[in-house]
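Asker: Sharing a structure below in structure tokens format, with a few things to ask.
The values are calculated or read from the model by the stated rules, or taken from the named source; none is laboratory data. This structure is a prediction, so every number in the text was calculated from the model and none was measured. Positions of Cβ are backbone-derived with ideal geometry, glycine not excepted, and every protein chain shown enters the neighbour counts. Ligands, DNA and RNA are stripped out before the accessible areas are found, and what is left, the full protein with its side chains, is counted by its heavy atoms. Shrake-Rupley method; radii C 1.70, N 1.55, O 1.52, S 1.80 Å.
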Amino acid sequence: MTAPSEISASQARSTPNFADDENMDIFGVRVDNIDEDKAFGLLHGYMVDRSSDSGARSVYFTNVHSIHLSQKDPSLRRFISRADLALADGSGVSIAGKMAGNPIKANLNGTDLLPKLFGDCEDRGWTVYLFGAEERVLKLCLDQLAGRFPGLKIVGSHHGYVSEDTESMVIDEIKELKPDMLLVALGSPRQESWIDRHASGLPVGICFAVGGLFDFMSGEKQRAPNWMRRFGIEWLYRLAIEPKGKWDRTFVEMPLFLTRVFLARFAPQFVTDFINRRIQTH
Ligand code: UDP
């Protein structure tokens, strides 16, 4: 539970009014268990109510990988607890919710959610800045976005392999352009750490931590077919296409997570921190 003294003014401002069953954490990592309508309502509200002197809102996606990293790196857990929204991402989190008797209301992963928001951006004229991924991938992503969302106003972009000096230039550019949405794709926990450090000083509507979104949108990485996504086995598809370095997410992180979830359900004496209902702790 976050001590009141740790809650900054901007966090107090941002805490949405969640019902008890919407306040969750899984192994100590925050998950806002809300449905798609509520998520879009909050996101639209953040964009409409943005004010240049209160800094940017922060939106993250809690998945098995971020829960795994948070066990090793408590600062990631802290960044997530301080976000304006931490949406439920992926089938591992859904399984955990079911096992805890608090089913996840919607899988709100960034790869599905952001394209829907781009449509809203086209309708309402909201502007977007893309920061992250390899330069080549980012260019492909921009091409794809221009084809899919011709009315989307992308006011700027920069790849994510930057020196400190270049990073300052990127920040200056973002401050000048004041986009409504800033998508940060630097991988976890770097992107959450970056947003946690900079959001309060950025005249931006929402900063999203989007992980590998640009790799998917560029076509560089393929998403699983719809039927696999419906059955919650996209991870199996990713296993086949991921580069070697990422296999541990499927072979180590997911089995470890599921074992811990099953132990928590059937032998809770071994697992004390499974899922808690958090009431106004962030
Ligand atoms: N990335 C980056 N700069 C870095 C490290 C990573 O821009 O210093 C990009 C990388 O090219 C990729 C994204 O961050 O596009 C990370 O994708 P991943 O699927 O690993 O995200 P995660 O699931 O770890 O959040």
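Asker: I'd like the full set of residues that are exposed (fewer than 14 other Cβ atoms within 10 Å of the Cβ) and away from the ligand (no atom under 15 Å from the Cβ), limited to the range 124-136.
Answerer: Of everything in the range 124-136, those that are exposed (fewer than 14 other Cβ atoms within 10 Å of the Cβ) and away from the ligand (no atom under 15 Å from the Cβ) turn out to be R124, G125.
Asker: Restricting the search to the range 203-213, which residues are within 13 Å of the ligand (Cβ to nearest atom) and open to solvent by less than 10 Å² (accessible area, probe 1.4 Å)?
Answerer: F208, A209, L213
Asker: Filter the range 174-191 down to the residues that are touching a residue at least 24 places away in the same chain (Cβ under 8 Å) and open to solvent by 50 Å² or more (accessible area, probe 1.4 Å) and list them by number.
Answerer: Across the range 174-191, the qualifying residues are K175, L177, K178.
Asker: Please go through the range 146-170 and give me each residue that is of a type outside the set (D, E), touching a helix residue (DSSP H, G or I) at 6+ places or on another chain (Cβ under 9 Å) and within 15 Å of the ligand (Cβ to nearest atom), ordered by number.
Answerer: Listed by number, the residues that qualify are S157, H158, H159, G160, Y161, V162.
Asker: Further question: Out of all the residues in the range 232-242, is one or more more than 10 Å from the ligand (Cβ to nearest atom), touching a residue at least 24 places away in the same chain (Cβ under 8 Å) and in contact with a Pro (Cβ under 7 Å, 6 or more places away or on another chain)?
Answerer: No, there is no match, as no residue in the range 232-242 is more than 10 Å from the ligand (Cβ to nearest atom), touching a residue at least 24 places away in the same chain (Cβ under 8 Å) and in contact with a Pro (Cβ under 7 Å, 6 or more places away or on another chain).
Asker: Output yes when any residue across the range 214-226 is out of contact with any Lys or Arg (no Cβ under 7 Å at 6 or more places or on another chain), open to solvent by 80 Å² or more (accessible area, probe 1.4 Å) and either among the aromatic types (F, W, Y) or not in a loop (DSSP other than H, G, I, E, B) (or both), and no when none is.
Answerer: yes
Asker: Please go through the range 174-191 and pick out each residue that is in contact with a Gly (Cβ under 6 Å, 6 or more places away or on another chain), more than 11 Å from the ligand (Cβ to nearest atom) and over 17 Å from K116 (Cα atoms).
Answerer: Answer for the range 174-191, where residues must be in contact with a Gly (Cβ under 6 Å, 6 or more places away or on another chain), more than 11 Å from the ligand (Cβ to nearest atom) and over 17 Å from K116 (Cα atoms): just L177.
Quick grid of which residues meet (1) away from the ligand (no atom under 11 Å from the Cβ); (2) assigned to a loop (DSSP other than H, G, I, E, B); (3) open to solvent by less than 20 Å² (accessible area, probe 1.4 Å); (4) not hydroxyl-bearing (S, T, Y):
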position	(1), (2), (3), (4)
E122	yes, no, no, yes
L138	no, no, yes, yes
L142	yes, no, no, yes
S193	yes, no, no, no
